[in-house]
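To start, the structure under review is shown below, and the notes come after it.
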Amino acid sequence: MTYQSLYRKYRPKHLDEVVGQEHILNVLNNSLKKDMISHAYLFCGPRGTGKTSIAKLLAQSINCDKQGEIACKQCDNCIEGMNGTHPDIVEIDAASNNGVEEIRSLIDKVKYTPILGKYKVYIIDEVHMLSQGAFNAFLKTLEEPPEHAVFILATTEIHKVLPTIISRCQRFDFTNIKEDAIAKRLDYILEEEGVKAEAGVTHLIASLSSGALRNALTILEQAVIIADEEIKLQEIYDTNGVVTSQQKIELFESFNNESMNDLNTNIEKLSENVINVERLMMELVRGLKDSVIYSYTKNEELIPYFDIDFIKYLDTSMNTEERLQIIDILLEYVDKMKFSQNQETYMELSLLAIFNRNNVPRETTADQKPQSIADFVLETFDTPKPQVVDKPVVEKVEPVVQKEEPIVQKEVVTEVPDIKEQANIDFDVVEEREPIAEANIEPTNNVPRETITETLTQEEIVRFMVSADKEQRLIDLKSFEKVSQYRTDLNWARPSRLMDGSSLVLSGNRFIVLAFKSEMESRELMEPRNKDEIISFSDIIYGSRKQVFATTNKDFKQAVEKFLEDSKNGTLPEPYSDNDFIEEAKAIEKEAKDESLEKVKDLFGEALTIV
């Protein structure tokens with residue numbers, strides 16, 4: 001007998017042998033038992049998930065002589081069906097028979113009664129390939145077929161099938177088969193074939209199959225051909241261009257050690273060995289996802305055996321926040337590369353983005369929780385305790401009324417406020433302090449930051465801490481969540497992009513301070529050309545015009561240390577007043593208008609008359 005491929009040799013001979021798709025088999029089995037056979041079925045879903053196999057088994061079962069049973073395997077109809085020689089089961093490939101004439105020929109043959117069975121069953125594979133005319137010609141017959149006719153339509157692209165066709169069929173959506181079920185089926189086939197395999201081989205093949213059993217059988221067949229006495233994991237890695245667990249560890253070691261040379265070396269190795277770049281990135285995503293699950297459960301049964309070393313490495317070398325952050329980066333680039341001709345470039349860019357994801361050093365213990373800026377500040381403020389002082393004396397200042405919009409001037413603190421309010425912390429971690437020398441603070445119209453075009457200095461961040469308002473930050477945080485929603489808005493996409501990805505660390509009536517992961521992002525936000533647009537955008541987000549300042553996570557943490565030191569020494573600076581920001585905002589707005597006017601003059605020249 002000639003050699004037969006595994007996916008053909010082990011095609012299920014009975015509905016009970018089908019792997020997965022239990023939600024579909026349950027309905028079909030009940031239909032057969034109750035003798036409630038529909039005139040048309042539509043099977044849709046990914047390739048290799050059992051659509052054609054179940055269509056053949058259904059055709060065989062509805063013609064079984066023993067009604068109420070699911071294919072007895074003994075009657076003439078069952079035997080002919082299993083051999084593929086049943087005269088009343090007709091398979092049509094719509095990819096090569098997609099014209100009007102072929103469908104008209106089918107319609108003519110439908111009228112003839114069955115030869116051997118009770119039904120004449122037509123299985124039309126890849127039905128979405130039918131032309132528009134063929135669909136229209138087939139529509140009437142599908143709606144009102146002869147009593148002895150049953151149509152089973154199968155497609156991988158349901159969106160190409162006419163809605164009028166779909167509405168006349170019982171639709172069944174096939175899903176990707178679970179990896180455990182595929183691995184179990186592969187173990188059974190290896191046992192039947194008398195082939196030995198190293199532990200984890202079938203699960204590795206199942207993970208490469210993308211939920212399609214036919215893909216898994218094709219990979220297994222190739223492994224059986226290559227193997228001598230036993231199928232090895234390394235053979236699967238080499239044949240399919242899969243990165244080993246050790247290679248993944250080396251890649252992430254270059255991230256953790258911040259070694260660009262090691263990263264370049266690893267990228268070169270990946271480029272030489274990897275066949276499918278997108279699959280590699282999704283494997284990294286999966287490993288990171290599984291490692292997060294393992295970090296919380298410590299259950300090795302929930303993670304794949306072949307990747308266990310990589311997953312345990314991630315668990316001990318990175319906290320969960322970092323892993324989730326890397327998953328976001330990888331998925332972003334996977335989405336970008338889908339329609340690209342040069343996927344390797346996107347892979348390299350994603351790895352560089354991971355390498356440069358955060359300039360802030362992190363702890364790497366297994367039990368560490370994700371450390372945000374707020375977590376850091378809390379830890380910092382726990383030690384040391386500042387000296388005890390009395391509550392500050394408050395001098396009220398009359399509200400300042402502007403013509404453009406009413407402004408309620410808050411109480412100005414004549415002494416240094418409570419530390420937890422200065423740093424915008426919601427934790428009761430600081431005792432009261434002794435009062436320092438009284439000083440009368442008068443509102444000033446002088447702008448204290450006239451020439452700042454880069455990120456904030458430590459002194460300025462400390463002064464913002466003194467000026468910040470805890471309750472206002474809590475309010476602004478809720479509004480800040482809306483920033484990313486404007487990324488697709490034509491009017492506000494640019495300021496949304498500039499602010500997205502940052503953390504709101506300090507807030508007041510007339511300002512907010514954002515912390516970014518990189519200095520480049522913070523510098524871009526602070527560019528003078530962006531200021532007026534950012535202020536206008538803040539009016540949309542917060543309901544009032546606020547100036548937005550930027551720093552980095554690293555600089556903010558260092559400023560916290562300086563804040564603690566200054567608070568202990570009693571040398572904290574005076575808070576900014578609202579008037580500082582009002583006057584500066586006016587100057588920015590006027591400068592933007594003057595710049596726009598100059599551009600108009602340059603464009604129209606002397607022809608322009610200014611009224």
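The values are calculated or read from the model by the stated rules, or taken from the named source; none is laboratory data. This one's a predicted model, so the numbers in the text were calculated from it and none came from an experiment. Methodologically, a virtual Cβ is constructed for each residue, glycine included, from the backbone with ideal geometry; neighbour enumeration extends over all protein chains shown. Ligands, DNA and RNA are stripped out before the accessible areas are found, and what is left, the full protein with its side chains, is counted by its heavy atoms. Shrake-Rupley method; radii C 1.70, N 1.55, O 1.52, S 1.80 Å.
A few comments on the model shown:
- Spin-label pair residue 13-residue 188: with each label point 7 Å from Cα along the Cα-Cβ axis, the two points sit 1.3 nm from one another.
- Proximity of backbone amide H atoms, modeled 1.01 Å from N, is registered between residue 231 and 196, 197, 198 at under 5 Å, excluding neighbours fewer than 5 places apart on the same chain.
- Relative packing of 282-295, 16-29, which averages over residues the other C-beta atoms within 10 Å, highest first: 282-295, 16-29
- Lys/Arg +1, Asp/Glu -1 at C-beta; region 1-79 dipole; positive extreme among 31, 21, 46: 46
- The length gained by stretching the chain between residue 47 and residue 250 to full extension, at 0.36 nm per residue less their Cα-Cα distance, is 69.6 nm.
- Centre separation in Å (Cα based) which lies between region 45-64 and region 491-555: 58 Å
- Per residue, the accessible area of region 1-80 comes to 49 Å², computed with a 1.4 Å probe over protein heavy atoms only.
- Separation of the residue 104 and residue 490 label points, Cα + 7 Å toward Cβ, nm: 5.0 nm
- Per-peptide average of other Cβ atoms within 10 Å, ordering 546-552, 112-118 highest first: 546-552, 112-118
- Value of Rg to Rh for region 1-137 (Rh from inverse mean 1/r over Cα pairs, i.e. Kirkwood): 0.96
- Solvent exposure ordering (accessible area, 1.4 Å, most first) of 531, 56: 56, 531
- Global form of region 147-288, assessed from the alpha-carbon gyration tensor, a/c cut-off 1.5: oblate
- Pairwise label distance in nanometres, residue 336 with residue 261, each label 7 Å out on the Cα-Cβ vector: 2.8 nm
- Per-peptide average of other Cβ atoms within 10 Å, ordering 3-12, 137-146 highest first: 137-146, 3-12
- Phi-based couplings in Hz for region 539-554 (Karplus 6.51, -1.76, 1.60; Gly and Pro marked x): 5, 5, 7, 9, x, 8, 7, 10, 7, 10, 10, 10, 8, 10, 4, 5
- Surface accessible to a 1.4 Å probe, residue 180 within the full protein complex, Å²: 110 Å²
- R0 of 30 Å, Cβ-Cβ distance residue 353-residue 159: FRET efficiency to nearest 0.05: 0.35
- Multiplying the residue separation of residue 571 and residue 278 by 0.36 nm and subtracting their alpha-carbon distance yields 99.9 nm.
- Per residue, the solvent-accessible area of region 197-338 (1.4 Å probe, heavy atoms of protein chains only, all protein chains present) comes to 45 Å².
- Computed with a 1.4 Å probe over protein heavy atoms only, the accessible area of residue 57 comes to about 10 Å².
- Loop-located trypsin sites (Lys or Arg not before Pro) in region 304-353 whose Cβ has at most 14 other Cβ within 10 Å (DSSP): 338
- Potential extension, residue 302-residue 3 segment - 0.36 nm per residue separation minus Cα distance: 103.9 nm
- Karplus-based coupling profile of region 520-536, in residue order and whole Hz: 4, 5, 5, 5, 4, 5, 8, 4, x, 5, 9, 4, 5, 5, 5, 5, 5, with θ = phi - 60° in 6.51 cos²θ - 1.76 cosθ + 1.60 and x standing for Gly or Pro.
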